[in-house]
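Accompanying notes for the structure given below.
Values in this text are rule-based calculations from the coordinates and carry no lab data. Computed from a prediction, not measured in an experiment: that's the story for all the values here. Glycine also receives a Cβ, built like all others from the backbone with ideal geometry; neighbour counts cover every protein chain displayed.
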C-alpha cells in the first residue's frame with residue numbers, strides 16, 4: 001500500500017567539525033520519502049524551485065516515489081544551512097531562506113486523496129492539517145513535529161494531535177510539550193492530547209514507544225562509532241516507520257509498531273553514516289535485513305545458544 | 001556460590017523535593033550486598049561504628065549475608081548527607097563525615113579468601129586492590145567506581161582495572177575516563193584499560209554492555225513513573241549483576257552478563273521506589289521474576305502472538 005509523504009524539500013549546506021558540503025538534497029520529505037520507499041510505494045507532496053536538480057526527479061521515479069504531488073514553483077528552492085558542534089550533539093542554524101516554501105500550500109492530486117497511510121513529516125502543523133483536510137479517511141496518520149511548532153504554533157499543533165494516530169517527537173520536545181521531566185510520564189501524557197501512539201526519539205539512547213494502557217516498547221540505538229552527518233536522522237526514522245507500516249500491515253497493532261520503530265532506527269543509523277542522502281541512495285534491502293538481525297541480537301534478553 | 005562484597009556502609013540523610021529522612025542505612029556495600037543476596041549467599045566486608053543499629057546485623061543474618069568480615073570500630077559510622085534537585089536528576093552532597101571509615105582497612109577472614117566471585121563496590125581503588133591482594137585467584141571480579149576516583153586517584157584506578165573482569169560505571173564517568181563523547185567508543189576504549197567487560201549505566205536510558213570484538217548488549221530502563229529516592233540505584237545494579245553471576249553461573253559468558261545486567265536493572269528499579277533499602281527489604285523473588293518478564297516483553301523486537 002502507498003504512503004503519502006508531505007514535508008519540506010530543501011537544498012542544505014551542512015558543516016561538521018570535519019567537512020562542509022553545500023547544495024545537498026535535504027528537507028524532511030526528502031529523507032522521509034526515500035526511507036519509506038524501501039518498504040512501500042511513496043506519494044510525495046512538496047515544493048521545489050527552478051534550481052532543484054533534474055536528476056533527483058529521475059531518482060525518485062526509479063525508487064517508485066510518485067511525484068505527481070510535487071509542485072515546481074518559480075524561484076529558488078528552500079535553503080537551510082547548519083553547523084554541528086565538535087561532538088555532533090548540537091547544531092546551530094546558520095541561515096534559512098524559505099524561497100518557494102514561503103507560499104507553499106500542499107494540493108493533493110485526486111489519486112492521493114484515498115491514501116491509507118500518511119506521513120506528515122516535519123512542517124508547520126497548519127500545513128499538515130491542510131493535507132488531512134483533503135483526504136478521505138486515511139487509515140493511519142503519522143506526524144512528526146519539532147520544538148519550533150511547540151513554541152510558536154501550539155494551538156495549531158494541539159488541533160492536529162487529535163487527528164493523528166502516531167506522533168513522533170524527540171525527548172526534549174516531549175518534555176517541553178508536557179512540562180514533565182520523566183519521559184515515561186511525558187509519553188503517557190502526550191497520548192491524552194490525542195495520538196493513540198507516541199514515539200519518543202532519544203538519539204544515541206534509542207527510542208520509546210507508548211500505546212494504550214501499559215503498552216510500552218523501548219529500544220536502544222544501533223551502536224555506531226562514527227557518525228558523519230546527523231542531518232535528517234529523525235525524518236529518516238519517521239519515514240522508515242511509516243513506510244514499514246504501509247508496506248506490511250493492514251490494521252496496525254502495537255507489535256507492528258515495535259517492528260516499524262526498529263526499521264526506523266535501522267534506516268536512521270544508515271542515514272548518519274554519510275552526508276545528505278548519500279548512504280540511503282545505495283542502500284540495499286539485504287543490508288537493512290542484516291542490520292535488523294544484528295540489532296535484534298544486541299537487544300535480546302536471552303539468547304538460546 | 002558466594003559473592004564477596006566490599007564497600008562502604010553508611011548512615012545517610014537524604015532530602016528530595018518531597019521528603020527528608022535521616023539515619024538511613026546506606027553505603028555502596030549495604031545496597032550491593034542486599035541486592036546480591038536475592039541470588040546468592042553474600043560475604044560482607046566493611047566497617048561500622050558503635051552507633052550502627054543492631055537490628056541490621058540480625059537482618060543480614062536472616063538474608064544469608066555473612067558478616068564475619070564486618071569490622072565494628074570504636075566511634076561513629078560513616079555519615080553522608082545529600083539533597084536531590086527538583087527532578088531527582090542531580091544531587092549535591094551536603095556533608096560527609098568519614099568517622100570510622102577514615103582508617104578502614106579491609107581484612108578478609110580466612111574463609112573469604114577463596115571466594116570465586118567478588119564485587120568491589122564503590123570505594124577508593126586502593127582499598128579495592130587491597131581486597132584483591134588478600135584473595136586466592138578469584139574467578140570473576142566486578143568493580144564499581146565513581147567520578148571522584150577518576151579525578152583524584154587515577155593511577156590507582158588504572159592499576160586496579162588490569163585486575164578486573166567487569167567494570168561498571170555511569171555514562172558521564174565513561175566519557176570522563178576516556179575523553180570520548182560517543183559511549184560506543186568510550187565502552188570499547190575502557191576495555192583496553194584492562195576489564196574484559198564494561199557496563200555503562202545510563203539512568204533512565206538503561207545500560208550498555210561491551211565484551212570482546214563486537215559483543216554488545218543494550219537495554220533500556222524499566223519504565224517507572226514515580227521515583228522516590230535514587231540513592232543506591234547504581235550499587236543495587238552492581239549487586240544484582242554480581243549476585244546473579246555468583247548464584248547462577250560457573251563460567252561467565254557474554255550471554256550470562258546480559259541476564260545479569262537485566263537483573264541488576266530490575267533490582268535498581270525496585271530500589272528507587274522507596275527511601276534507603278525499604279523496598280528491597282520486603283521484595284520477593286516472585287516480584288523480581290514478574291518484573292523481569294514484563295521488562296523482557298517491553299524490550300522484545302518481535303512478539304509471537
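Across peptide A:209-219, what mean number of C-beta atoms from other chains lies inside 10 Å of a residue's C-beta?
On the way: counts 1, 1, 0, 0, 0, 4, 1, 8, 8, 11, 8.
Average neighbour count from other chains, rounded to a whole number: 4.
Sorted from shortest to longest, the distances between the residue A:159 label points of this copy and the other copies are 7.0 nm, with each point 7 Å from Cα along the line through the beta carbon.
Rg over Rh for segment A:1-133 works out to 0.98, using Cα positions for both radii and the Kirkwood form for Rh. With respect to the axis relating copies B and A by rotation, the chain B residue whose beta carbon is closest, plus that distance in Å, is B:205, 2.
For a quick check: sort B:253, B:130 by the number of other beta carbons within 10 angstrom, fewest at the front. It would help to have the intermediate numbers written out before the result.
Details: B:253 13, B:130 18.
Least to most surrounded, the residues fall as B:253, B:130.
Position residue A:62: other-copy label points at 7.2 nm, ordered by increasing distance, label point 7 Å along Cα→C-beta. Between copies, residue A:103 shows label-point distances of 8.7 nm, shortest first, with the point placed 7 angstrom from Cα along Cα to C-beta. Calculated FRET efficiency, residue B:136 to residue A:253, Cβ-Cβ distance, R0 = 56 Å: about 0.50 to the nearest 0.05.
Computing FRET efficiency as 1/(1 + (r/R0)^6) for residue B:151 and residue A:162, where r is the C-beta to C-beta distance and R0 is 45 Å, gives about 0.30. In angstrom, the C-alpha Rg and Dmax of segment B:3-299 are 17.6, 51. Averaged over the residues of B:85-95, the number of partner chain Cβ atoms lying within 10 Å of the residue Cβ comes to 1.
With each label modelled as a point 7 angstrom along the Cα→C-beta vector, the residue B:225-residue B:274 pair spans 2.0 nm. In this label model, residue B:86 and residue B:179 are separated by 3.7 nm, measuring between points 7 Å along each Cα→Cβ vector. Beta bridges per DSSP, both residues in the protein assembly as shown: antiparallel share near 35 percent. Per the Kirkwood formula applied to alpha carbons, the protein assembly as shown shows a radius of gyration over Rh ratio, Rg over Rh, of 1.03. What the Cβ-Cβ distance of residue B:113 and residue B:193 gives, at R0 = 30 Å and to the nearest 0.05, is a FRET efficiency of 0.70.
Gain in length, residue A:126 to residue A:21, computed as 0.36 nm per residue apart minus the alpha-carbon separation, to one decimal in nm? Walk me through the intermediate numbers first.
On the way: separation 105, 0.36 × 105 = 37.80 nm, distance 3.17 nm.
Computed gain between residue A:126 and residue A:21 is 34.6 nm.
Extents of segment A:90-177, taken as max minus min of Cα coordinates on every principal axis and listed largest first, are 39, 31, 22 Å.
Could you work out, residue by residue across A:289-302, how many beta carbons of other chains sit within 10 Å of that residue's beta carbon, and then give the average as an integer?
Details: counts 0, 0, 0, 1, 1, 2, 2, 3, 4, 9, 9, 9, 14, 6.
Mean partner-chain Cβ count within 10 Å for A:289-302: 4.
Please report, to two decimal places, log10 I(q)/I(0) for segment A:1-51 at q = 0.22, 0.31 Å⁻¹ as given by the Debye formula with identical point scatterers on the Cα atoms and no solvent. One equal scatterer on each Cα of segment A:1-51 leads to -0.80, -1.10.
For segment B:282-304, no residue has its backbone nitrogen under 14 Å from a point 7 Å from the Cα of residue A:303, taken along Cα to Cβ.
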